[in-house]
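Asker: There's a structure below that I have some questions on.
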Amino acid sequence: MKTIPLPSPCAASALLGVALFAVTAGAQAPPAGGEHHHPPAPAPTNLKVLPKTLTGDQVHEIMHKWAGDLGVECNTCHTEDPVKKMPNGRPALNFPDDSKKEKETARLMVKMTGDINGNYTSMVESSHDNAESAKKVTCGTCHRGKLDPEAYVAPKEHEHDHHDAPSAQPPVPR
């Protein structure tokens, strides 16, 4: 019968510490709200519409919101890097690259919503309690989770022939 030598007390203590760390790290509950942990995002480069003072994490958060509003993934606007790979083996994305037309369209749409929010929504009266937030236009206002917004079709009860419209006079009481 073969005997296995026991590790020194110092080595055994180190192994136990590593094992306990691995077990407790793996047993932690996932973050609330379905958030995903990611390493800190690198400082952004090539920002043409967003403020250049944003951190990588702030840009990541904005992009994640836009992706949800449009129902897309990051590779809709960003090209794959032919050299870099992610730890999971998938290609990394080349965020500064401007070769996809979708990226330029996104920049145009961000300018458009900024223009609408800065110059026009303040002229529209709102019946909401919080009028300021109720008036903000976002990508989701039109896209509603679809890359190509669906055409609006008025419900049948709102379609009418203007020639048959009742007169502007109130009905006569009987």
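Asker: Evaluate the following for MET86: is it surrounded by fewer than 14 Cβ atoms within 10 Å (Cβ to Cβ) and either closer than 24 Å to LEU147 by Cα or in contact with a Leu (Cβ under 6 Å, 6 or more places away or on another chain) (or both)?
Answerer: In short, no.
Asker: Please count how many residues of the range 67-83 are touching a His at 6+ places or on another chain (Cβ under 9 Å) and surrounded by 15 or more Cβ atoms within 10 Å (Cβ to Cβ).
Answerer: Within the range 67-83, residues that are touching a His at 6+ places or on another chain (Cβ under 9 Å) and surrounded by 15 or more Cβ atoms within 10 Å (Cβ to Cβ) number 2.
Asker: Can you list residue pairs whose Cβ atoms sit under 9 Å apart, with the first residue in the range 40-69 being under 17 Å from ASP97 (Cα atoms) and touching a residue at least 12 places away in the same chain (Cβ under 8 Å) and the second being assigned to a loop (DSSP other than H, G, I, E, B) and charged (D, E, K, R)? Count only pairs 6 or more apart in sequence or on different chains.
Answerer: Sorted first by the residue in the range 40-69, then by its partner, the pairs are PRO44/LYS52; ASN46/ASP97; ASN46/ASP98; LYS48/ASP98.
Asker: Sticking with this structure for a sec: Between VAL137, VAL83, which is modelled with pLDDT under 95 and touching a strand residue (DSSP E or B) at 6+ places or on another chain (Cβ under 9 Å)?
Answerer: On the way: VAL137 fails: touching a strand residue (DSSP E or B) at 6+ places or on another chain (Cβ under 9 Å).
Every option except VAL83 fails the conditions.
Asker: Quick one: which of SER167, SER122, SER126, SER99 is exposed (fewer than 10 other Cβ atoms within 10 Å of the Cβ), at pLDDT below 95 and polar (S, T, N, Q)? Reasoning before the result, please.
Answerer: Working: SER122 fails: exposed (fewer than 10 other Cβ atoms within 10 Å of the Cβ); SER126 fails: exposed (fewer than 10 other Cβ atoms within 10 Å of the Cβ); SER99 fails: at pLDDT below 95.
After applying the criteria, what remains is SER167.
Asker: List every residue pair whose Cβ atoms lie under 8 Å apart, where the two residues are 6 or more positions apart in sequence or sit on different chains, the first residue falls within the range 77-91 and is within 20 Å of HIS64 (Cα to Cα), and the second residue, located anywhere, is among the polar types (S, T, N, Q) and in a strand (DSSP E or B).
Answerer: Between residues of the range 77-91 that are within 20 Å of HIS64 (Cα to Cα) and residues that are among the polar types (S, T, N, Q) and in a strand (DSSP E or B), the close pairs are HIS78/ASN94; THR79/ASN94; GLU80/ASN94; ASP81/ASN94.
Asker: A further question follows. Can you tell me which residue within the range 33-56, out of those that are under 16 Å from the mean Cα position of the chain (by Cα) and under 28 Å from PRO149 (Cα atoms), is surrounded by the most Cβ atoms within 10 Å (Cβ to Cβ)?
Answerer: In this case the residue turns out to be LEU50.
Asker: While we're looking at this one, here's another question. Before we move on, is GLY33 assigned to a loop (DSSP other than H, G, I, E, B), at positive phi and at pLDDT below 95?
Answerer: No; evaluated as a whole, the condition is false for this residue.
The values are calculated or read from the model by the stated rules, or taken from the named source; none is laboratory data. Note that the structure is predicted; figures quoted are calculated from it, not measured. When we count neighbours, we look across all protein chains shown, and the Cβ atoms used for this are built from the backbone with ideal geometry, even at glycine.
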